[in-house]
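Just below is one structure, and these are the notes that go with it.
The values are calculated or read from the model by the stated rules, or taken from the named source; none is laboratory data. Because the structure is a prediction, the values reported are computed rather than measured. Note that each Cβ is placed from the backbone with ideal geometry, even for glycine, and that neighbours are counted across all protein chains shown.
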Amino acid sequence: PVYTNYATISYDKLVLAMGAHPIFPKSLPEELVWHVNHIERFGQLQEKLAAGSQHVAIIGAGMVGTEIAEDLLKAGHQVTLIDLNDAPLSQMLPTKATARIAAAVQSQGINFLGGCQVSGVIRISEGSNDGKLQVSYEPIVPTTDSENSEQADAKQFETLVVDHVIASTGLTVDGKLPTAAGVEFNRRTGIEVDAPTLRTTTDNIYAIGDCMSINGVACRYVAPLRAQAATIADDILGLEHSGYDHKPPMIRLKNKAISVMVTGVPQANGNWQVSSESDDELIMDLLDDNNEVSATVTIKAPPAVTAS
C-alpha cells in the first residue's frame, strides 16, 4: 500500500512520477539564491531584474546556466558564470570541444570563472554595498604532490559582490519514496527502469519523466513524455505494444555566440575522435567499446563570430 498523510491506499499497479528537484550545495543558502527550476521564484527574479542593469552570478555552467548567462547579458546585465570545471559543458563534452565554447562565451563579455568552487554566499549589511550579496570562491588546486597540498590547505578565497545569485547546479531525485518501495535508485540519475516497459526493479511499480533513468542515464526531457505514458498505460492494461523506444533527443545549446548540437548520449571522459575540424566548425564522435558512434557533437561559430 501507499501511505499518505490522509489515508492508506492499496494498489495493483503504481506509477512514480515524482519529478526531480534542484540540488543546493551547502555553500549556497536557499534563502539567498535563485533557482530557475522553480517557476514562482523565477518570476520573482524577473521582476527584480526588470528594475535595471544589475550584476548576476550564475553558479554552474551546464546547458541551462550557459544559456541563462547569455540571456541576461543581452538584457543588459553584467554576468559572472562560475563552474568547477575549466569550461562550460565539461561534464558532457571533451576538452577540445568545451574550449571553443568557453572562448565564445567570454567573447560576448561574460566573465567566466572556470575551475572555481563557491564556498559561501552572504548578505552584505553595511557600507556602499549594503543589501548586495558577497560570493566567496576559491580556485580548485590539483593535489598531486605535497606542494599543491600545501596550496590547497591555504585556501586563498576570493570574493565577488553581486546583486543576485542563480544556482544552476543540476537536479536530484528525492530518495525517500524509491527507498521505501525497494526500487533500484540513484540520487543523481533517478529510478532505474527497464527501457521497453518502464517497469522498475520492483514488481508492479513503474516510473516516468524526470525521476527515471535508463541504463544509468537520467531522462529529463519533455519530448518523450507522451510516448512514456502510452507505454506504461498499455503495459498496465495488458495491451500489446512495441515497447518504449528510448531515443535521447537532440541537445542544442541556445547561444548566439556559438552553435552546439549533440546527439546520442555524450559523456566527457570517453573515446572522442575528431570527424571534421576547421576554424569555424568542429565535429567529434564518441566511440563505444565496439568502435560504434554513440554520440556526436557539432560546434559551429556563426558568421558574425567567425568574421571577428
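The rows are residues; the columns are (1) crowded, with 16+ Cβ neighbours inside 10 Å; (2) of a type in the set (Gly, Ala, Ser); (3) farther than 25 Å from Ala99 by Cα.
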site: Tyr221; (1), (2), (3): no, no, yes
site: Asp235; (1), (2), (3): yes, no, yes
site: Gly243; (1), (2), (3): no, yes, yes
site: Lys256; (1), (2), (3): no, no, no
site: Asp279; (1), (2), (3): no, no, no
site: Leu287; (1), (2), (3): no, no, no
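Taking every residue in segment 277-299 that is within 14 Å of Ile258 (Cα to Cα) and touching a residue at least 60 places away in the same chain (Cβ under 8 Å) and pairing it with any residue that is acidic (Asp, Glu) and surrounded by 14 or more Cβ atoms within 10 Å (Cβ to Cβ), at least 6 positions away or on another chain, the pairs with Cβ-Cβ distances below 8 Å are Ile299/Glu281.
Filtered by the rule that a residue be in contact with a strand residue (DSSP E or B) (Cβ under 8 Å, 6 or more places away or on another chain), under 28 Å from Val297 (Cβ atoms) and in a helix (DSSP H, G or I), segment 41-69 gives Met63, Gly65, Thr66, Glu67, Ile68, Ala69.
Hey, can you tell me all the residues within segment 211-226 that are closer than 21 Å to Ala295 by Cβ and not basic (Lys, Arg)? Show your work before the answer.
So the first thing to find is which residues in segment 211-226 are closer than 21 Å to Ala295 by Cβ, and the list is 212-224.
If the condition is that a residue be closer than 21 Å to Ala295 by Cβ and not basic (Lys, Arg), then Met212, Ser213, Ile214, Asn215, Gly216, Val217, Ala218, Cys219, Tyr221, Val222, Ala223, Pro224 are the ones that fit.
The set of residues in segment 73-99 that are crowded, with 22+ Cβ neighbours inside 10 Å and either touching a Lys or Arg at 6+ places or on another chain (Cβ under 8 Å) or in a helix (DSSP H, G or I) (or both) comprises Ala97, Thr98. Among the residues of segment 207-214, at least one is small (Gly, Ala, Ser), over 17 Å from the mean Cα position of the chain (by Cα), farther than 24 Å from Glu70 by Cβ and at pLDDT 95 or above. If you check every pair at least six apart or on different chains, which have Cβ atoms under 9 Å apart with a residue in segment 1-26 that is touching a residue at least 24 places away in the same chain (Cβ under 8 Å) and more than 25 Å from Arg188 (Cβ to Cβ) first and a residue that is in a loop (DSSP other than H, G, I, E, B) and polar (S, T, N, Q) second? Cβ pairs passing all conditions: Tyr11/Asn204; Asp12/Asn204; Lys13/Asn204. For segment 239-258, check the following and say yes or no: at least one residue is among the hydroxyl-bearing types (Ser, Thr, Tyr), farther than 30 Å from Asp194 by Cα and out of contact with any Gly (no Cβ under 9 Å at 6 or more places or on another chain). No, because not a single residue in segment 239-258 is among the hydroxyl-bearing types (Ser, Thr, Tyr), farther than 30 Å from Asp194 by Cα and out of contact with any Gly (no Cβ under 9 Å at 6 or more places or on another chain).
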